[in-house]
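Some notes on the structure that comes next.
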Amino acid sequence: MQQEAGGQPREAECGSIYMKTGPAFAEGMPVRIEEADITKSILNSYLRELSSNLQLDVAIGGAGPSGLVAGYYLARAGFRTAIFERKLSVGGGMWGGGMMFNRIVIQEEGKAILDEFGVRCEPAEEAPKGLHVANSVEATSALCVGALKAGARIFNLITIEDVAIRGGAMVGLVINWSAVEMAKLHVDPMVVMARKTIDATGHDSELCRMVERKMGPKLRTPTGKVMGEGPMWAEKGEKALVRNSKEVYPNLFVAGMAANAVLGGPRMGPIFGGMLLSGKACAERVTAALRQAR
Ligand code: 48H
């Protein structure tokens with residue numbers, strides 16, 4: 001069970017799907033399967049979890065590698081953390097490795113994070129510079145399981161369509177079912193409040209673009225706007241990622257590809273150490289900000 005820094009038990013409050021919700025049936029008893037019970041179990045479990053995560057310590061937009069790693073470290077530190085993902089599958093752009101060859105490359109510094117998630121790596125024989133290769137399917141699944149087991153909640157099939165801002169600071173996310181967006185239905189969204197938010201939406205840096213659209217050029221970048229990512233340069237892009245994973249608007253942080261997109265860093269292709277290190281660096285900066293605000 002996760003423990004808040006102050007020692008509060010977390011499972012029960014967070015609407016865990018692992019809570020015991022009914023009497024155990026006696027061994028040997030025939031199991032009666034009622035369709036209505038199946039439906040009710042799914043609805044109640046999901047709604048319990050969603051409704052107990054409407055006031056978050058940290059909301060993360062996007063369940064790509066950087067969002068999952070950030071979610072893992074924040075949940076492990078005891079913060080109520082939820083990740084909202086537009087797609088059915090979580091893991092963002094990591095499944096496909098490089099050009100659909102399901103391998104990713106990781107540099108030495110990033111390997112420690114994969115080790116922590118139990119992902120196997122082998123030295124890249126062709127590149128004698130401390131580079132390692134991992135199976136992208138194994139790595140993506142492990143990040144996903146790791147984040148969930150650390151206590152982060154993942155809500156997939158939900159799109160963040162707008163931001164809530166009060167007094168010049170980000171306070172929440174406006175969410176809707178992705179199916180509503182896809183079908184172009186006119187259905188009003190709902191809101192999740194968060195003390196801190198991470199934009200981990202990848203190349204499009206969607207949350208930062210929403211802030212820019214709504215608030216004008218107020219981002220902490222040289223132009224106040226999303227700078228746009230630079231051309232491919234793996235070495236420079238990887239280094240810039242960690243530096244750029246920071247607060248870019250009050251209460252709004254960036255991680256992963258969004259960090260370079262917002263601050264004008266280069267892209268880097270299918271080397272993923274920077275994404276993992278960026279998620280971790282961002283989680284550390286959010287943790288420091290949350291602890292300072294206590
Ligand atoms: C809900 C949303 C929304 C929204 C987007 O693209 P990702 O994998 O992001 P990162 O930064 O963790 O990893 C980047 C990496 O995959 C990559 O693209 C690399 C290394 N590129 C290098 C190069 O040179 O091309 O994941 C972002 C996730 C996706 O799953 C989106 O579906 C999701 O965010 N998302 N979810 N609401 N508005 N926008």
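The values are calculated or read from the model by the stated rules, or taken from the named source; none is laboratory data. In this text, all values refer to a predicted model and were calculated from it rather than measured experimentally. So basically every Cβ, Gly included, is an ideal-geometry build from the backbone, and we count neighbours across all protein chains shown.
Numbers at a glance
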| quantity | calculated |
| --- | --- |
| Residue match in the stretch 239-248 (condition: away from the ligand (no atom under 13 Å from the Cβ), within 20 Å of the chain's Cα centre (by Cα) and polar (S, T, N, Q)) | no |
| Some residue of the stretch 253-270 being in contact with a helix residue (DSSP H, G or I) (Cβ under 7 Å, 6 or more places away or on another chain), farther than 14 Å from Lys239 by Cα and not in a helix (DSSP H, G or I) | yes |
| Test: residue in the stretch 258-278 that is charged (D, E, K, R) and more than 20 Å from Val105 (Cα to Cα) | no |
| Members of the stretch 61-101 that are of a type in the set (Phe, Trp, Tyr) and assigned to a helix (DSSP H, G or I) | Tyr72, Tyr73 |
| Residues satisfying the stated conditions in the stretch 220-271, i.e. of a type in the set (Ser, Thr, Tyr) and in contact (Cβ under 8 Å) with a residue 12 or more places away in the chain | Thr221, Ser245, Tyr249 |
| Residue count for the stretch 199-226, restricted to those that are within 13 Å of Glu161 (Cα to Cα), within 9 Å of the ligand (Cβ to nearest atom) and hydrophobic (A, V, I, L, M, F, W, C) | 2 |
| Qualifying residues in the stretch 6-58 (those that are among the acidic types (Asp, Glu), modelled with pLDDT of 60 or more and under 22 Å from Met190 (Cα atoms)) - the one nearest to the chain's Cα centre (by Cα) | Asp57 |
| In the stretch 227-238, the residues that are under 23 Å from the mean Cα position of the chain (by Cα), near the ligand (Cβ under 10 Å from one of its atoms) and of a type outside the set (Gly, Ala, Ser) | Glu229, Glu238 |
| Hey, Ile104 farther than 24 Å from Val286 by Cα, in contact (Cβ under 8 Å) with a residue 24 or more places away in the chain, of a type outside the set (D, E, K, R) and in a strand (DSSP E or B) or not | yes |
| Number of the condition not met by Gly93 [criteria: (1) surrounded by 14 or more Cβ atoms within 10 Å (Cβ to Cβ); (2) more than 15 Å from the ligand (Cβ to nearest atom)] | (2) |
| Strands (runs of 3 or more DSSP E) within the stretch 133-211 that include 1 or more residues under 13 Å from the mean Cα position of the chain (by Cα) and touching a residue at least 24 places away in the same chain (Cβ under 8 Å) | 153-156, 158-166, 190-199 |
